[in-house]
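Encoded as structure tokens, the structure appears first; notes follow it.
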Amino acid sequence: MPLPELMLLADAEGEDSAAKWPNYIEDIYAEFRRTAADAGLVFRGWPVVCPYMEPQRGAPPKPPYQGKHFSFWHSMSTGPKEDERVPDFPRCERISWIGWGIRNAEDPAMVRWWENERRSDRGPKTHVPLWLFDHNYAVILDKGRDCYFLRTSYVLNGNRPGEFEKEWKGSLKKTAPPPAK
């Protein structure tokens, strides 16, 4: 099954980039809703939930979420501080790859996945990278009690593909059966 086509800013309605940008955000958000948030995705028998940050009652939606899913903003932006993240065009263009990666996660010819423990402010969390290795793209899920949460997605740059390869191979060693005697 081929990957969905990239969603480019140039294809959005508007005369120039400034006019196209608000339409582009709405276009990629609609695609995110259709292919991920509202798509009934399941991974390993558990539903995949796309976290949404409810605005405070009576208050306007907080930037940067602006009434959109938290996992959408994380999947289309980059930056170390939550309220200082900026849009990242390679992430935006691949927003429809999130659902594709989750739906195809059990096909080892397309996606490699493993579990790893990461520290967080709330204690250890189990992350599940879904690595579309031929395309250096990752979808990251957090394992919950009875579901998975979409954490983020991104294009692997620099040495990240090598790090993913090492983590994936390390996970195979942990789950491989012991050698026969």
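Mind checking which lysines have their C-alpha under 21 Å from residue 68, skipping anything on the same chain fewer than 8 residues away?
Straight-distance partners of residue 68: 20, 81.
Which value results for Rg/Rh of the chain when Rg is the Cα radius of gyration and Rh the Kirkwood radius based on the inverse mean 1/r?
The Rg/Rh ratio comes out at 1.00.
Heads up, I need the accessible area for residue 9: 1.4 angstrom probe, whole protein in place, Å², nearest 10.
Accessible area of residue 9: about 30 Å².
Using a 1.4 Å probe on the protein heavy atoms only, what accessible surface does residue 113 show? Give it in Å² to the nearest 10.
60
Which net charge results for the neighbourhood of residue 117, defined as the other residues with beta-carbon distances under 12 angstrom from its beta-carbon, given Lys and Arg at +1 and Asp and Glu at -1? Walk me through the numbers before you get to the answer.
Details: positive: 118, 119, 125, 143, 174; negative: 115, 142, 167.
Here the charged neighbours net out to +2.
Okay, helix-only estimate at 222 nm for the chain: each DSSP H run of n ≥ 4 adds -39500 (n - 2.57), divide by all residues, round to 500 deg cm²/dmol; what do you get?
Values: 5 runs with 51 residues, N = 181.
Per the formula, -8500 deg cm²/dmol.
Using heavy-atom solvent-accessible surface (probe 1.4 Å) with all chains present, what is the largest-first order of 132, 8?
8, 132
So between residue 119 and residue 26, what do we pick up on full extension, going 0.36 nm a residue minus the alpha carbon distance?
30.1 nm
Take every DSSP beta bridge whose two residues both sit in the chain, then give the antiparallel share in percent to the nearest 5.
Of the beta bridges lying entirely in the chain, close to 95 percent run antiparallel.
In percent, what relative contact order does segment 1-132 have, based on Cα pairs under 8 Å that are 6 or more apart in sequence? Show your work: numbers first, answer last.
Details: 158 pairs, mean separation 28.3, N = 132.
Relative contact order, segment 1-132: 21 percent.
Return the sequence-ordered ³J(HN,Hα) values of segment 165-173 in whole Hz as given by the Karplus equation 6.51 cos²θ - 1.76 cosθ + 1.60 applied to θ = phi - 60°, using x for Gly and Pro.
Working through the residues one at a time gives 4, 5, 4, 4, 5, x, 5, 5, 5 Hz.
Place a label point 7 angstrom from the Cα of residue 169 along the Cα-to-Cβ direction, then list the residues of segment 115-139 whose backbone nitrogen is under 20 Å away.
115-117, 129-138
In the neighborhood of residue 144, defined by Cβ-to-Cβ distances under 15 Å, what is the net charge if each Lys or Arg adds +1 and each Asp or Glu adds -1?
+3
For residue 96, what is the net charge nearby, where nearby means another residue's Cβ is under 15 Å from its Cβ and Lys, Arg count +1, Asp, Glu -1?
-2
The values are calculated or read from the model by the stated rules, or taken from the named source; none is laboratory data. These numbers were taken from a predicted model, which means no experiment stands behind them. Glycine also receives a Cβ, built like all others from the backbone with ideal geometry; neighbour counts cover every protein chain displayed. Heavy atoms of the whole protein, side chains included, go into the accessibility calculation; ligands, DNA and RNA do not. Shrake-Rupley method; radii C 1.70, N 1.55, O 1.52, S 1.80 Å.
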